[in-house]
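A short write-up of the structure that comes next.
The values are calculated or read from the model by the stated rules, or taken from the named source; none is laboratory data. Owing to the predicted nature of the structure, the values given are computational and were not obtained by experimental measurement. Ideal geometry is used to build each Cβ from the backbone, glycine not excepted, and the neighbour counts take in all protein chains shown. Remember, those area values only see protein heavy atoms, side chains included, never the ligands or the DNA or RNA. Shrake-Rupley method; radii C 1.70, N 1.55, O 1.52, S 1.80 Å.
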Amino acid sequence: MTHEAIVSRPLLRLNDVRVALGRREIVADVTADFRAGEFVVILGPNGAGKSTLLKAIAGILGFRGKIEMLGRPMADLNAAERSRLIGYLPQNGGIHWPIPVHDIVTLGRMPHGDADAAIVEQAMTSCDIRHLASQPATELSGGERTRVLLARLLAVRASIIIADEPVSSLDPAHEIAVMRLLRQEADRGRLVIAVLHDIGLAHRFASRLLALKQGRIVADASPKDILQGGLLDELFGLKFDVASTGRGQQSLVARHEF
Amino acid sequence: MTIQAASAVHVRTSHVRVLNLGLASLLLIAALGSVMVGAAPLSIHDVWEGVWRHSGVSGIIFWDIRFPRLILSVAIGGFLGLSGAALQGLLQNPLAEAAVFGAPQTAAVGAVAVLYLGVSDALSFWLPLAAIGGALLSSVALYGLVGRQAGSTRFILAGLALGSLSGALVALIISLSPNPFAMTEILFWLMGSIEDRSMRHVLLALPFVVVASLVLLRLGGGYRALTLGDDTAASLGVDVGRLRLSTIVAVSVGCGACVAVSGTIGFIGLMAPHLVRPFVANDPKRALLSSGLTGALMLTCADLLVRLIPSTSEIRIGVVTALLGAPFFLYVMLSDRSLYRSEGP
């Protein structure tokens, strides 16, 4: 296979993916291809099926349809192969025992069966938590805990990074640091898929936006194109204005009135 | 890795080794005490002689009375500690122990039914078999009720229901017991004891306890991953449903075997993991072996204590573990509040 063929081949392919919880279909007919190097942000109102879709991709929830990774159906991958290929950060991830931060990050090496000290250290440095290494993880602030869990995710060194609301409990400085970090991971050739509620951050850092409503993809476009045609207004039932930051960047502002 | 971080991990690993070696050494000392102390005290010389001679007073006391009792206290205490640590790791809950799944209670129903029917004297192997059968039935019922994919809360609720039902059945059997002797026998058995147990009891319980312990010791990595919740553990390659099934079956089998020969002994499964957790950096995997050794040490010491306390008849070991365990557990709980501040979603 030529280099071009490998690069252009989708890293992740979803074909008519449907996920039901009980009798209720949460994700319906999702079809999309994702390539290495993309930073995809999934947007949508609460209950749109964003987290459910991420769980199906991570192999945590059963689904109908087809999910392929590097051309191989997910069903053909065993749990160990899948866990090395996909790193998953759940929404509001908890830590149940006061285990030292370093040990939590080292859990990211579990799929590889090692405790590679250099990788763990690098992940902690990237997330600015080296000074917390010996702290019990349950005694951290919400923001620190999020960064610890993110470092655990990075320590997997997976080709596909899936993060469900990774900046939900962070202050603005750490929000931007985490978004930069995810962008960097995509630039290194990984596929990053994140669910975000902050449309401004999504617009600024993502390379592709996927809008989900009632379990279906209603838009799949670049951040620039998604501003057109009032798509976001329709998605969230709000009016959005595009504001210029004065440094050549655009920002989205939601109006108070509906 | 920074030198400090690397050395911290190294120190922690070596701390755990030192802890386990220390516990094993204390257990050896307690074991020696256990074979020496009793109604007929033996000196170290007598014990040594007894080990190599199966005849004579010291040989009979060692092989027929003290040694089976020692093996049972180590095996049962060890399994209670280990299973407590495993269940706390599985459920990410510091209050979990075998009773949460109803295993000891259902084992007790089987055993009490045999005592009620009065066949335990004539056919003494019936009692342990009934207890193991009862515990196995509880794991089958638990799985039948909640299914493989159910979350921890459903397991706990179903386990509590099974435990309550079993408690009610035991009470029913006691209230229907034909004569006061049968009732007394049942009540005394329920209090827990390893007095007057023979090598036959050891051979009946030990294979189940050893196999169940080996299974639980192999599951430590899964419990460690569950620290981050079911979803993250699954994304790290852990089959959470299988981990639950393996744990519940192993705990039921081991617990059934323990209850079969000793009756119900409380608090060790709860206390042993709490005692070791600060020394293993709260790691659910590292806590397993250390909790097992601590449980073995606790029950062996409790068994020594019941022989040393002067009384007309020997005090039941289950009573001692509960009497000492409950206040001590409250002390540990109140002095280490950080454990009860877990950050769940």
The simple spin-label model distance between residue B:57 and residue A:234, using points 7 Å out along Cα→Cβ, in nm, is 9.9
In region A:95-113, accessible area falls by at least 10 Å² from chain alone to full assembly (1.4 Å probe) for A:95, A:96, A:97, A:98, A:99, A:100, A:102, A:103, A:104, A:107, A:110, A:111
Residues meeting the amide H criterion for residue A:163 (H placed from the backbone, H to H distance under 5 Å, 5 or more places apart or on another chain) are A:89, A:193, A:194, A:195
With label points set 7 Å from each Cα along the Cα-to-Cβ direction at residue B:324 and residue B:312, the distance between them in nm comes to 2.5
When A and B pair up, the total accessible heavy-atom area removed from solvent (1.4 Å probe), in Å² to nearest 100, is 3000
Computed about the Cα centre, the charge dipole of chain B from +1 Lys/Arg and -1 Asp/Glu charges at the Cβ has a magnitude in debye, to the nearest 20, of 700
Phi-derived 3J(HN,Hα) across region A:116-130 with the Karplus relation (6.51, -1.76, 1.60, θ = phi - 60°), rounded Hz, x for Gly and Pro, is 3, 5, 5, 5, 4, 4, 5, 5, 5, 5, 4, 9, 6, 10, 4
Along principal axes, largest first, the alpha-carbon spread of the protein assembly as shown in whole Å comes out as 96, 55, 52
Probe 1.4 Å, heavy atoms of protein chains only: per residue, the accessible area of chain B in Å² is 44
If the chain between residue A:187 and residue A:216 were fully extended at 0.36 nm per residue, the gain over the current Cα-Cα distance would be 7.7 nm
Sorted by chain and then number, the residues having a modelled amide H within less than 5 Å of the amide H of residue B:194, at least 5 places away or on another chain, are B:317
Per residue, accessible area of chain A with a 1.4 Å probe, heavy atoms of protein chains only, in Å², comes to 44
Restricting to lysines and to Cα separations under 16 Å from residue A:66, and discarding same-chain partners fewer than 8 apart, the set is A:55
In chain B the accessible area split gives carbon plus sulfur, as whole percent at 1.4 Å, a share of 71
Per residue, the convex hull enclosing the Cα atoms of chain B spans a volume in Å³ of 150
For region A:1-153, the percent of accessible surface on carbon and sulfur atoms (probe 1.4 angstrom, ligands and nucleic acids excluded) is 47
With only helices counted (DSSP H, runs n ≥ 4, each -39500 (n - 2.57)), the per-residue ellipticity at 222 nm for chain B, to the nearest 500, works out to -24000 deg cm²/dmol
Cα extents of region A:103-258 per principal axis, largest first, Å, are 50, 32, 28
Comparing each residue of region B:221-235 in the complete protein assembly with the chain by itself (heavy atoms, probe 1.4 Å, ligands and nucleic acids ignored), those losing at least 20 Å² of accessible area are B:224, B:227, B:228, B:231, B:232, B:234, B:235
